[in-house]
1. From the set of residues in the range 26-48 that are among the basic types (K, R) and more than 21 Å from the chain's Cα centre (by Cα), which is surrounded by the most Cβ atoms within 10 Å (Cβ to Cβ)?
2. Residues to consider are V155, V168, V209; find the one that is in a helix (DSSP H, G or I) and touching a strand residue (DSSP E or B) at 6+ places or on another chain (Cβ under 7 Å).
3. Could you pull out every one of the helices (runs of 4 or more DSSP H) wholly within the range 378-465 that has 1 or more residues that are in contact with a His (Cβ under 8 Å, 6 or more places away or on another chain) and acidic (D, E)?
4. When you scan the range 260-291, how many residues do you find that are outside any helix (DSSP H, G or I) and buried (at least 18 other Cβ atoms within 10 Å of the Cβ)?
5. Answer yes or no: is there a residue in the range 215-228 that is farther than 25 Å from R450 by Cα, modelled with pLDDT of 95 or more and of a type in the set (A, V, I, L, M, F, W, C).
6. So, in the range 180-206, of the ones that are β-branched (V, I, T) and part of a loop (DSSP other than H, G, I, E, B), which residue ends up farthest from L131 (Cα to Cα)?
Amino acid sequence: MCGVIGIWSNGPVFRDLYQGLLAIQHRGQDAAGIITYDGRFHTKKGNGLVRDIFTAEHAERLRGPIGIGHTRYPTIGGGRGEDAQPFQLNAPFGIIMAHNGNVVNYAELKRILCEKHHRLLNSDNDLEAILNVFAQEIEAQNLRTVRPANVFKAVEGVFKKVAGSYSVVAYIADHGLLAFRDPFGIKPLSWGVRRDGIIPSYAMASESVSLNLMNFGEVKDVPPGAAIFIDRNRKVHLGQIARRPRHSPCLFEWVYFARPDSMIDGVNVYRCRVNLGRLLAGEIRKENLPIDVVVPVPDSARDAAIEIARELDLKYREALVKNRYIGRTFIMPSESARKTSVSLKLNPIADEFKSKNVLLVDDSIVRGNTSRAIVEMVRECGAKHVYVAVYSPPLRNPCVYGIDMQTRTEFVARNRDAEAVAKRIGADKVIYQTLDNLKKAVRMENPVLRNFCGACFDGKYVTGDVTEEMLRKIEEERKHIQHEQLELNI
């Protein structure tokens with residue numbers, strides 16, 4: 001999960017890029033970068049939050065009306081400072097690029113690019129493979145100038161060679177701004193127009209909220225398997241590259257990742273989460289539990305929890321208070337450390353739990369460590385019973401498309417039913433959303449959507465090219481990264 005932005009503006013672009021990245025900071029807090037263009041490329045990248053990386057000095061140095069920005073959430077690999085996006089190539093023409101997603105055949109592409117085309121990939125970031133494949137496809141056409149047809153042909157070459165998920169923004173120096181989305185459209189990508197001059201400004205971003213906050217309107221989704229190219233005269237060209245795209249957007253975007261004020265593939269995220277609450281309320285009603293109060297685990301569960309309380313005619317209370325100034329928690333070496341981490345982030349209002357039957361609502365349960373700590377915290381406040389309602393289905397499988405989820409053995413629900421999960425986290429009962437209801441909640445907002453990527457729930461990888469060997473390699477890489485992080489913490 002990352003956030004990307006590309007802008008061609010009628011004035012200096014840095015402030016728009018900065019504001020746009022802040023709007024999608026939730027998509028990645030590990031690193032960020034901006035490259036602008038005014039006849040030459042100007043670059044600033046670093047680890048940390050957007051607000052900490054860029055200063056007034058950078059606002060002056062990152063000149064030009066064109067630029068690309070990125071905020072990074074590292075998946076397997078791509079955790080070092082030099083792996084921060086965007087990336088840049090000097091030839092052909094000069095290309096900058098950023099993406100959101102994950103390339104599943106990265107190792108193979110890296111080998112082919114080295115052995116066949118003598119291209120050295122100097123990072124662990126899979127974007128470098130996409131960028132070099134695209135550059136090679138442009139170079140192979142032996143061009144003096146780049147036209148839309150040449151760009152679309154190069155994107156077609158990327159689609160043929162690059163497997164996995166990727167929503168990409170790029171700029172070819174003095175030729176045009178580009179956005180394209182893999183043939184499955186797994187990761188979101190929108191584009192919009194700002195009519196602030198004789199020729200409009202254009203922008204592409206991972207979420208519509210970023211475009212809205214930069215005052216770009218007429219917002220549309222980039223179709224799966226398609227490319228949008230803004231040429232040197234800022235004329236818009238749309239190319240449907242993949243002949244038979246199978247649109248399969250990631251269900252977890254609506255569950256957790258996207259901001260509630262975004263539109264993802266024609267679906268209002270907030271209304272989708274309200275739908276999820278309404279449908280989950282139906283599952284909870286079947287259990288006939290003596291619930292006194294509904295409490296969300298902040299923040300993403302709030303919309304669904306309010307609807308659950310309304311549907312079941314129960315009291316709703318914001319009884320877990322989140323400290324918004326605690327940064328990302330690294331892997332904790334002990335149970336006591338994990339519990340301390342939770343207590344730093346969440347503080348209970350004890351009187352709201354005392355002597356009550358509590359329904360906690362959360363978006364998902366992954367390893368179960370955080371859920372166990374929260375349940376224990378609520379019990380210590382004097383709750384009689386603690387039930388947990390989860391508005392997504394059980395997570396049982398790793399994601400290979402851009403979410404750094406656990407290895408298969410780490411998922412608490414991997415080989416457990418809801419009753420066993422409840423026992424594991426110390427709850428009296430766990431009620432999960434069904435996968436059918438999750439899909440239904442999305443389709444209630446956009447009936448056109450028929451297919452989805454729900455591999456983390458059902459193990460069905462939509463691209464059809466994920467092998468057991470790939471999954472095993474990802475698990476090995478993740479364990480290696482966890483070991484390195486543990487050593488650093490010690």
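The values are calculated or read from the model by the stated rules, or taken from the named source; none is laboratory data. Computed from a prediction, not measured in an experiment: that's the story for all the values here. Neighbour counts run over all protein chains shown; Cβ positions are idealised from the backbone, glycine included.
1. In the first step, residues of the range 26-48 are kept if they are among the basic types (K, R); the result is 27, 40, 44-45.
Add one more test, that the residue is more than 21 Å from the chain's Cα centre (by Cα), and what stays is 40, 44.
Details: R40: 10, K44: 19.
If we take residues in the range 26-48 being among the basic types (K, R) and more than 21 Å from the chain's Cα centre (by Cα), then K44 is surrounded by the most Cβ atoms within 10 Å (Cβ to Cβ).
2. Values: V168 fails: in a helix (DSSP H, G or I); V209 fails: touching a strand residue (DSSP E or B) at 6+ places or on another chain (Cβ under 7 Å).
Sole residue among the options that is in a helix (DSSP H, G or I) and touching a strand residue (DSSP E or B) at 6+ places or on another chain (Cβ under 7 Å): V155.
3. Working: elements: 418-425, 435-443, 455-458.
Per the criteria, no element qualifies.
4. To start, the set of residues in the range 260-291 that are outside any helix (DSSP H, G or I) comprises 260-268, 288-291.
Narrowing the set further to residues that are buried (at least 18 other Cβ atoms within 10 Å of the Cβ) leaves 262-265, 267-268, 291.
The total comes to 7.
5. Quick first cut of the range 215-228, residues farther than 25 Å from R450 by Cα only: 215-217.
Filter again for modelled with pLDDT of 95 or more, leaving 215-217.
Checking the rest, the ones that are also of a type in the set (A, V, I, L, M, F, W, C) come to 216.
Checked the range 215-228: at least one residue is farther than 25 Å from R450 by Cα, modelled with pLDDT of 95 or more and of a type in the set (A, V, I, L, M, F, W, C).
6. Going residue by residue through the range 180-206, those that are β-branched (V, I, T) are 186, 193, 198-199.
Retained after the next criterion (residues that are part of a loop (DSSP other than H, G, I, E, B)): 186, 198-199.
Numbers: I186: 19, I198: 32, I199: 29 Å.
Checked the range 180-206; the qualifying residue farthest from L131 (Cα to Cα) is I198.
Yes or no, residue by residue, for (1) assigned to a helix (DSSP H, G or I); (2) assigned by TED's automatic domain parsing to the domain that holds Q88; (3) not aliphatic (A, V, I, L, M):
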{"residue": "A107", "(1), (2), (3)": "yes, yes, no"}
{"residue": "R111", "(1), (2), (3)": "yes, yes, yes"}
{"residue": "C114", "(1), (2), (3)": "yes, yes, yes"}
{"residue": "H118", "(1), (2), (3)": "no, yes, yes"}
{"residue": "N122", "(1), (2), (3)": "no, yes, yes"}
{"residue": "N125", "(1), (2), (3)": "no, yes, yes"}
{"residue": "I130", "(1), (2), (3)": "yes, yes, no"}
{"residue": "A135", "(1), (2), (3)": "yes, yes, no"}
{"residue": "Q141", "(1), (2), (3)": "no, yes, yes"}
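Table: residues versus (1) within 23 Å of the chain's Cα centre (by Cα); (2) farther than 15 Å from A319 by Cα; (3) crowded, with 23+ Cβ neighbours inside 10 Å.
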| position | (1), (2), (3) |
| --- | --- |
| N347 | no, no, no |
| A350 | no, no, no |
| V358 | no, no, yes |
| I365 | yes, yes, yes |
| N369 | yes, yes, no |
